[in-house]
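S.K.: Take a look at the following structure, please.
The values are calculated or read from the model by the stated rules, or taken from the named source; none is laboratory data. Keep in mind the model is a prediction, meaning the values are calculated, not measured. Note that we place each Cβ from the backbone using ideal geometry, even for glycine, and neighbour counts take in every protein chain shown. Keep in mind that these areas ignore ligands, DNA and RNA; they rest on the heavy atoms of the full protein, side chains included. Shrake-Rupley method; radii C 1.70, N 1.55, O 1.52, S 1.80 Å.
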Amino acid sequence: MQDQTEVRRFVASPVALARPAALRRRWRVQPYLFLLPSLAFLATFTYYPILSSLEMSLYRVTATVSHPTFTGLRNYAGLATDPIFRQVLRNSAEFLAGTVPVTVALALVLALLLNRAHALTTPFRTAFFYPTLLPLVGAAAIWLFVYTPGYGLIDVYLRAIVGGGVNWLGSPALALPAVMILTIWKNAGYYMLFYLAGLQTIPAELYEAGRLEGASGWQQFRAITFPLLGPTTLFVLLIASINAFQSVDQIWLMTGGGPDNTTNLLLFYIYQVAFMFFDLGKAAALTVFLLAVLMAIAALSFGVLERRIHYEV
Amino acid sequence: MSVGWYWAVGGLRRAVALGAFLALAAFILGPLLTLLLWAFAGSWLFPNLLPEFSLKWWAYVLGNADVTKAIRMSFLSAPAATLLSAVICIPAAYAFARLEFPGRRVLLLSFLSANAFPKIGLYVSIATLLYRLNLMDTFAGVVLIQVINTLLFMIWIPTGTFRGINRNLEEAARDVGAGPLRTFFQVTLPIALPGLLVALLFAFLAAFDEAQGTLIVGTPNHITMPVMMYTLVLSYPQPVGAVFSVLLSLPSLVFLLVAQRYLRAGYLAAGYSL
């Protein structure tokens, strides 16, 4: 649809028609000149490293081997029998399932609660958005101290109520949930912003029609709000899932993957294998694996997103 | 009777909504309040419900030469990365928003999807590359690694901003004889300024936030604040880390105060439409 208006404007504009041929040709090169610096940077620092990881994953490259030797798919086969990798996969799946739905639901609730004209709306929106802007390391540190026995907020108050300090981050059962809570806290305000933007696009007449038909608040939400927020929800789910797999700073600062690998997530495991065990071939294989997972998620959601948007227009 | 029932249900619903809201507010604001308490806490031990007031840890943190060096490094590298990012990305964003050319969608998608690449995995190859270029443990290396974090914001928000500007304004300027550069600087840029400011601030925070890449590239002499945090948490008393986390969160607070006027959800959402 946009293309049609483009064409119409182009045809209607006498300036465009009067433009000499040489000038028009220059305009065709110009977009690529504009893109060149950023594309060169992107290629050097993201696409080249990815290709390089693909290649490195086929070699045995460790600190103890002086020359990389080609080993085919052995690094990948090694992952299949690596018990830590299996645990890391389980942790990552748990982290994904435990953070994404809760964060997105929380964001939707916050947006619905704050999508009204009230003197307190803006201050609360701002306050809820603030955790998003905090550096992840800073946010992780805040929660690290909140959880710390004998120092943090939770402990000081819980001890008064329940008695006995719980070492959240030191317990194999509680450490991953504790990191999840921080992650939910950090991201809910970010996704809330997308939902607030989505809510603005829903025409008020729909709600008026709903009210005339006698629809209750919950019915209006089910029949109008939630379906029309579909593309937003899908988009937020995509970003949230990618973020869940990209989580590393909080693990690095709060638990170091422990206790006993119960909080070791995929990206942190790559960090360990590459920069602590110096098994670069295995780290590359892990990178390629994670990339495949992320691209599959992205392709899936973009496919659905595309279809949804076409239906709506 | 039935009216009374209606009001009772309405009141109950409102009470539930208020309760939910207060619970959420406590969850989100609680840790931020702790941060505030820490800023001035000397020690905070059971069974005190509030910490004892003191600024001694501030003096301790700000008197530590490693800490001040990290603060300086952060406030030099993050603005440098933001500016470099703006210089290379804003022309691209303009092209994505305004010009029609083959491959536009694919290229825009390649910028957006690069953010989904597993960063730590990339750092292995990037470190090798920077090592060959003699950029490991240099200021330039740290800036480059931070720019990677900013690309998404610097492409996506300005693209949405430029797209939101009415084309007729630019065409009107052209029609009265302004060249493309003059049109850009006198018409497009002033209108786009709030959106670009938001992009710059987000890019700054993204660069400032970068921890893992800077740790790998900048160790041992080019440590930024997030990297320093790790050392502080591991080997200093807790109040030091707490005070430092207050310092780490100050730039984002300033951001909110500066940008609140311009910060509309639209800027974030607009760039994502292809």
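S.K.: For segment A:253-283, enumerate the residues that are assigned to a helix (DSSP H, G or I) and either on the phi > 0 side of the Ramachandran plot or more than 7 Å from chain B (Cβ to nearest Cβ) (or both).
M.R.: Our first condition is that a residue be assigned to a helix (DSSP H, G or I); within segment A:253-283, this holds for A:253-254, A:266-275, A:280-283.
A:M254, A:L266, A:F268, A:Y269, A:Q272, A:V273, A:G281, A:K282 - these are the residues of segment A:253-283 that are assigned to a helix (DSSP H, G or I) and either on the phi > 0 side of the Ramachandran plot or more than 7 Å from chain B (Cβ to nearest Cβ) (or both).
S.K.: What about A:V65, is it in a loop (DSSP other than H, G, I, E, B) and more than 10 Å from chain B (Cβ to nearest Cβ)? Please lay out each step first, then the result.
M.R.: Working: in a loop (DSSP other than H, G, I, E, B): yes; more than 10 Å from chain B (Cβ to nearest Cβ): yes.
Yes; evaluated as a whole, the condition is true for this residue.
S.K.: What is the number of the single condition among (1) within 30 Å of A:A63 (Cβ to Cβ); (2) part of a helix (DSSP H, G or I); (3) under 21 Å from the mean Cα position of the chain (by Cα) that B:L151 does not meet?
M.R.: (1)
S.K.: Quick check on this structure: which one of A:V109, A:V88 is farther than 29 Å from B:I155 by Cα, of a type in the set (A, V, I, L, M) and free of Cβ contacts under 8 Å to residues at least 24 places away in the same chain? Steps first, answer last, please.
M.R.: Details: A:V88 fails: free of Cβ contacts under 8 Å to residues at least 24 places away in the same chain.
None of the other options fit; the residue is A:V109.
S.K.: Could you tell me which of the residues B:A97, B:A116 is facing chain A (nearest Cβ under 7 Å), over 16 Å from A:F41 (Cα atoms) and open to solvent by less than 40 Å² (accessible area, probe 1.4 Å)?
M.R.: Details: B:A97 fails: facing chain A (nearest Cβ under 7 Å).
After ruling out the rest, the residue left standing is B:A116.
S.K.: In addition: Out of segment B:205-224, which residues are more than 8 Å from chain A (Cβ to nearest Cβ), open to solvent by less than 30 Å² (accessible area, probe 1.4 Å) and part of a helix (DSSP H, G or I)?
M.R.: Our first condition is that a residue be more than 8 Å from chain A (Cβ to nearest Cβ); within segment B:205-224, this holds for B:206-207, B:210, B:213-215, B:217-224.
Checking the rest, the ones that are also open to solvent by less than 30 Å² (accessible area, probe 1.4 Å) come to B:206-207, B:210, B:213-214, B:217-218, B:224.
Scanning segment B:205-224 gives B:A206, B:A207, B:G213, B:T214, B:V217, B:G218.
S.K.: To continue, here is another question. When you scan segment B:126-138, do you find a residue that is assigned by TED's automatic domain parsing to the domain that holds B:N221, surrounded by 24 or more Cβ atoms within 10 Å (Cβ to Cβ) and assigned to a helix (DSSP H, G or I), even just one? Spell out the reasoning first.
M.R.: The first filter runs over segment B:126-138 and keeps only residues assigned by TED's automatic domain parsing to the domain that holds B:N221, leaving B:126-138.
Then drop every residue that is not surrounded by 24 or more Cβ atoms within 10 Å (Cβ to Cβ), which leaves B:126.
From what is left, the residues that are assigned to a helix (DSSP H, G or I) are B:126.
Within segment B:126-138 (the criterion being assigned by TED's automatic domain parsing to the domain that holds B:N221, surrounded by 24 or more Cβ atoms within 10 Å (Cβ to Cβ) and assigned to a helix (DSSP H, G or I)), the answer is yes, since at least one residue qualifies.
S.K.: If you scan segment A:169-226, which residues turn out to be open to solvent by 60 Å² or more (accessible area, probe 1.4 Å), assigned to a helix (DSSP H, G or I) and among the hydrophobic types (A, V, I, L, M, F, W, C)?
M.R.: Matches in segment A:169-226: A:L206, A:L212, A:W218, A:A223, A:F226.
S.K.: So if I check each of A:T121, A:T132, A:T46, which one is open to solvent by less than 50 Å² (accessible area, probe 1.4 Å) and farther than 30 Å from B:R98 by Cβ?
M.R.: A:T121
S.K.: Give me the helices (runs of 4 or more DSSP H) completely within segment A:69-140, filtered to those with at least 1 residues that are out of contact with any strand residue (DSSP E or B) (no Cβ under 9 Å at 6 or more places or on another chain), within 22 Å of A:L234 (Cβ to Cβ) and of a type in the set (S, T, N, Q), ordered by residue number. Reasoning before the result, please.
M.R.: Details: elements: A:74-80, A:83-114, A:121-133.
Of the helices (runs of 4 or more DSSP H) lying wholly inside segment A:69-140, those with at least 1 residues that are out of contact with any strand residue (DSSP E or B) (no Cβ under 9 Å at 6 or more places or on another chain), within 22 Å of A:L234 (Cβ to Cβ) and of a type in the set (S, T, N, Q) span A:83-114, A:121-133.
S.K.: So for segment B:180-189 (the condition being away from every other protein chain (no Cβ under 11 Å), assigned to a helix (DSSP H, G or I), open to solvent by 10 Å² or more (accessible area, probe 1.4 Å) and not hydrophobic (A, V, I, L, M, F, W, C)), does at least one residue qualify?
M.R.: yes
S.K.: Additional query: Going by what's in this entry, would B:Y6 be described as of a type outside the set (A, V, I, L, M, F, W, C), farther than 30 Å from A:A188 by Cβ, open to solvent by 30 Å² or more (accessible area, probe 1.4 Å) and modelled with pLDDT under 80?
M.R.: Working: of a type outside the set (A, V, I, L, M, F, W, C): yes; farther than 30 Å from A:A188 by Cβ: yes; open to solvent by 30 Å² or more (accessible area, probe 1.4 Å): yes; modelled with pLDDT under 80: yes.
Judged against the criteria, B:Y6 is a match.
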